[in-house]
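S.K.: So that we are looking at the same thing, I have put the structure below in structure tokens.
Every number here is computed from the coordinates shown, using simple stated rules; none is lab data. Please read all numbers here as calculations on a predicted model, not as lab measurements. Here the Cβ positions follow ideal geometry from the backbone for every residue, glycine too, while neighbour counts run over all protein chains shown.
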Amino acid sequence: MSKKIVYIDMDNVLVDFKSGLDQVPEEIKAKYADDGHGKCIYDEIPGLFGPMLPMPGAIEAVHELSKHFDLYILSTAPWNNLSAWTDKVKWVQHHFGAGRDSIFYKRLIISHHKDLNRGDYLIDDRPKNGAKEFAGEWIHFGSTQFPDWPTVVNYLLNQISSSQD
């Protein structure tokens, strides 16, 4: 029996975005506080994504879920921040290993159209970039139903149990 496919978003799901932003000097943040149209563009700060910390329970959850599911990271990177693309790969390698035995070896997908991926579940904190239109089940991380990693893991493991009954 093949494992079900689970995609996991990075920012504010695997990775604590605020932890990276907290490390940026105020004078740098000020340069990205307004794009000229009243929109904050902190995600375009070069080097922002590398030093971010994992979300509480994320690393342990991934290891547990990897025993039962086929896991992929499905993230979006800012178009105007090329370092974000590299930083995301480095972050995954740092926290999950870089070798062929890594859970996410060649399993990091960067896309602004998450709904184009086929799979059973997408764990994402926002409905943007096709998450809400994902053909499988969107698990809205950080919502009332799925506030944290223990809740998500319990839900997914229960899905396996109920499908085997």
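S.K.: Please give the net charge around Val6, taking every other residue with its beta carbon less than 14 angstrom from that of Val6, where Lys and Arg add +1 and Asp and Glu add -1.
M.R.: Neighbour charge sum, excluding Val6 itself: 0.
S.K.: Could you rank the peptides 52-61, 115-124 by their average count of other C-beta atoms within 10 Å per residue, with the highest value first?
M.R.: Averaged packing, sorted descending, gives the order 115-124, 52-61.
S.K.: Also, I was wondering about something else. If R₀ is 22 angstrom, what is the calculated FRET efficiency for the pair Ala33 and Ala135, using the beta carbon separation as r and rounding to 0.05?
M.R.: Efficiency, from the Cβ-Cβ distance: 0.05.
S.K.: Could you pull out which residues in region 121-165 have an amide N less than 12 Å from a spot 7 Å beyond the Cα of Asp70, following the Cα-Cβ vector?
M.R.: 121
S.K.: Another question, then. In whole angstrom, note down how far apart the Cα centers of region 1-52 and region 90-114 are.
M.R.: Computed from Cα coordinates, the inter-centre distance equals 17 Å.
S.K.: For region 86-165, compute Rg over Rh where Rg is the Cα radius of gyration and Rh is the Kirkwood radius from the inverse mean 1/r over Cα pairs.
M.R.: Ratio of gyration radius to Kirkwood radius: 1.00.
S.K.: Which value results for Rg/Rh of the chain when Rg is the Cα radius of gyration and Rh the Kirkwood radius based on the inverse mean 1/r?
M.R.: 0.98
S.K.: Mean residue ellipticity at 222 nm from the helices of the chain, using -39,500 (n - 2.57) per DSSP H segment of n ≥ 4 over the full residue count, to the nearest 500 deg cm²/dmol?
M.R.: Counting only the DSSP helices, I get -9000 deg cm²/dmol.
S.K.: For Glu133, what is the net charge nearby, where nearby means another residue's Cβ is under 14 Å from its Cβ and Lys, Arg count +1, Asp, Glu -1?
M.R.: +2
S.K.: Another one. Order these peptides, 40-49, 5-14, by their mean beta-carbon neighbour count within 10 angstrom, highest first.
M.R.: The densest-packed peptide leads the list: 5-14, 40-49.
S.K.: Another one. Find out how many positive minus negative residues lie around Ala77, taking Lys and Arg as positive, Asp and Glu as negative, among other residues whose Cβ is under 13 Å from that of Ala77.
M.R.: Around Ala77, the surrounding residues sum to -2.
S.K.: What order, most packed first, do the peptides 68-80, 85-97 have when packing is the mean number of other Cβ atoms within 10 Å of each residue?
M.R.: 68-80, 85-97
S.K.: Let me check against my output: what whole-number percent is the relative contact order of the chain, with C-alpha pairs under 8 Å and at least 6 apart?
M.R.: So the answer I get is 25 percent.
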